[in-house]
Protein chains: 2
Amino acid sequence: MPEVTAARAWRTVLESIERDLVEGRLGPGDRLPSERDLSADLGVGRSSVREALRVLEVMGLIRTATGSGPQAGAIVIAAPSGGMSTLLRLQVAAQGFPLADVVQTRLVLEDAVAARLASDPQRDLSGIRGILTAMDAEGLTAPEFLALDAELHYALAEASGNTVIAAMMAGLRTAIESYVREGSARIEDWEAMASRLRAEHHGIVDAIEAGRADTSRALVRDHITGYYTAAGLVPGDH
Amino acid sequence: MPEVTAARAWRTVLESIERDLVEGRLGPGDRLPSERDLSADLGVGRSSVREALRVLEVMGLIRTATGSGPQAGAIVIAAPSGGMSTLLRLQVAAQGFPLADVVQTRLVLEDAVAARLASDPQRDLSGIRGILTAMDAEGLTAPEFLALDAELHYALAEASGNTVIAAMMAGLRTAIESYVREGSARIEDWEAMASRLRAEHHGIVDAIEAGRADTSRALVRDHITGYYTAAGLVPGDH
DNA sequence: AGTAGCCTGTGGTCAGACCACAGGAGGATG
DNA sequence: CATCCTCCTGTGGTCTGACCACAGGCTACT
């Protein structure tokens, strides 16, 4: 007997759930069987089931809740940005991803987002305008400003309509968040930097709304590289 | 007593290890303490430690091995593409990512890869040429051909020097692999398609080596969209 | 009819017990 | 002295059983 399960009981659980997802037996909003049932059905220990569920939870596929009722248990949610953020953040921490590569990837994606938004006549930037207004407020601290900045860039990615790019943008941002925060302390005149960033944001959004794809792409590139070099996160050799 | 640990013992383990990574106490090649030691040090059960390690393993941060000696135990490896592939594949399966978004993201990234390679005089495409030669062989089945195709596109991303983009490309490819395979069955004259793809590959690599960024980008776009529409994976409304 | 309390099932966690495995230590052997 | 073989140790992998806290439904009492 070649032991079909090979090894790794938790992997069989993961594969079983993935199969259920692929073949449509499970979908967003559905509830997984209880850990004890899965354990019995698949012939593995409950701890192995839990290891698999933990992976799914961290990757943003399910949400777990204690108690009873329809909201309890493990439920498929498929919220990708959380998992992407965790993955990228950990890989950067483990030096699997150099910071420069993360920044450059962000550049590539944001570039594409701007171009796509500029050439899409159906775009709706009302939410983005709201964030811009919020950022124009006086007296924002650097962390507050950066939080709004993250929100703005994510909203742009979301508005472009591509969920994968939006999730990746959120993840890339999270991965470098702590470094960005540290970098902001290195900037001497924060108020000057803030007003520069404000102006650049308005310029980008204006260019997008004017449908000028190439202009908005260029502005986005300058905006991002400008800040990162100013914060000393990336060599200015671009 | 406000119970500092809040909840979720496994999360404290994850956070502890992440802190060790960020602050340099752990790095690639290092060995983690044994599960039993971590359990005792952090004051949690061994099963909670295992749940955290499982997450790290699936995300590609560590590798575990049984037995004794320096190679046994959990070792930091930071191999990002595996985790990225799992994440994207699962999210697509759970309908968190529409197929069209995945394809489009691949387009964006590959576009950037081609442009970057074309404008980089230091590029080394010798490995890519080797794959092209392998793909020129006669009598390849569709799965064999597609495997080489995946290898080729990944090699291009790798050659561009951006590890994040390379990992994302690998992940995106994995996420749609099964659909691509199915799609290949829908193509009536596979031999004709194969030679068309071969010609396009050569054209792309030639354009890159000639340093013609815009041409290579256009060729890449046509190459990818062409195949996906032919395989019926994406509406032809691009 | 309303309400208070119990009961059940859920995830969260821990403790302990095995197993298979890989490698080193140490003795037996030539 | 060198070599081989065996046992021992520590590792992850797994299972079992036992609690706990919690949320919601159910029931019995008022």
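None of the figures in this text is laboratory data; all of them are computed from the coordinates on show. Every value quoted in this text rests on a predicted model; they were computed, and no experiment measured them. Neighbour counts run over all protein chains shown; Cβ positions are idealised from the backbone, glycine included.
Going by Cα centres, the stretch A:138-188 and the stretch B:173-231 are how many Å apart? Using only Cα atoms, the two centres lie 35 Å from each other. Annotation for B:His202 and A:Ala210: the two label points, set 7 Å from Cα along the Cα-Cβ direction, are 4.6 nm apart. Coupling constants for the stretch A:156-163 follow from the phi torsions by the Karplus curve (6.51 cos²θ - 1.76 cosθ + 1.60, θ = phi - 60°), and in residue order they are 4, 4, 5, 5, 6, x, 9, 5 Hz; glycine and proline get x. Sorting the segments A:198-208, A:25-35 by their residues' average number of neighbouring beta-carbon atoms within 10 angstrom, most packed first, yields A:198-208, A:25-35.
How high is the relative contact order of chain A? Use alpha-carbon pairs under 8 Å, at least six apart in sequence, and give a whole percent.
Details: 254 pairs, mean separation 47.1, N = 238.
Answer for chain A is 20 percent.
Working note: 222 nm ellipticity from helices only, DSSP H runs with n ≥ 4, each -39,500 (n - 2.57), summed and divided by the residues of chain A, gives -22000 deg cm²/dmol to the nearest 500.
When each of the peptides B:120-126, A:148-154, B:51-57 is scored by the mean number of other C-beta atoms lying within 10 Å of its residues, the order from highest to lowest reads B:51-57, A:148-154, B:120-126. Looking only at other chains, what is the average number of their beta-carbon atoms within 10 angstrom of each beta-carbon in A:153-163? Going residue by residue through A:153-163 and averaging, the value is 2. Shortest first, B:Asp214 label-point distances to identical copies amount to 0.8 nm, with the label point at 7 Å from Cα along Cα→Cβ. Size check on the stretch A:106-207: the Cα extents along the three principal axes, sorted descending, read 39, 26, 17 Å.
Other residues lying with their Cβ under 11 Å from the Cβ of B:Arg50 contribute a combined charge of +1, Lys and Arg counting +1, Asp and Glu -1.
Working note: Karplus 6.51/-1.76/1.60 with θ = phi - 60° gives the stretch B:137-149 the couplings 4, 7, x, 6, 6, 4, x, 4, 4, 5, 5, 5, 4 Hz, where Gly and Pro are set to x. Between helix B:9-22 and chain B there is an angle of about 70 degrees, using the helix long axis and the longest principal axis of the Cα atoms.
Would you mind putting A:62-72, A:98-108 in packing order, based on average other-beta-carbon counts within 10 Å, highest first?
Working: A:62-72: 11.4, A:98-108: 20.6.
Ranked from most to least packed, the peptides come out as A:98-108, A:62-72.
Here B:Ala137 yields copy-to-copy label distances, from shortest upward, of 6.4 nm, the label point defined as 7 Å from Cα along Cα to C-beta. For the peptide A:133-142, the mean number of other protein chain Cβ atoms found within 10 angstrom of a residue's Cβ is 0. For A:Ser47, the point set 7 Å out from Cα toward Cβ sits 0.8 nm from its twins in the other copies, listed from shortest up. Close amide H contacts of B:Phe97 (hydrogens built in the peptide plane, cut-off under 5 Å, sequence separation of 5 or more or a different chain): B:Val92. Backbone phi angles across the stretch A:105-115, fed through the Karplus curve with coefficients 6.51, -1.76 and 1.60 (θ = phi - 60°), yield HN-Hα couplings of 5, 4, 4, 4, 5, 5, 4, 5, 4, 4, 4 Hz in residue order; Gly and Pro are listed as x.
Between B:Ser68 and A:Arg181, the simple spin-label model (points 7 angstrom out along Cα→Cβ) gives 4.4 nm. Taking all C-alpha pairs of the protein assembly as shown, those more than 43 Å from each other amount to 18 percent.
Shielding by partners for peptide B:21-30, expressed as the average number of C-beta atoms from other protein chains within 10 Å of each residue's C-beta, is 3. Can you give the angle from 0 to 90° between the axis of helix A:80-93 and the longest principal axis of chain A, with both taken from C-alpha atoms, to the nearest 10? With both axes taken from Cα atoms, the answer is about 80 degrees. Panel values: chain A, Kirkwood radius from alpha carbon pairs, Stokes-Einstein at 10 °C and 1.306 mPa s, translational diffusion coefficient 78 µm²/s.
Each pair of Cα atoms in the stretch A:6-76 enters the Kirkwood radius, and Stokes-Einstein at 10 °C and 1.306 mPa s then converts it into a translational diffusion coefficient of 130 µm²/s.
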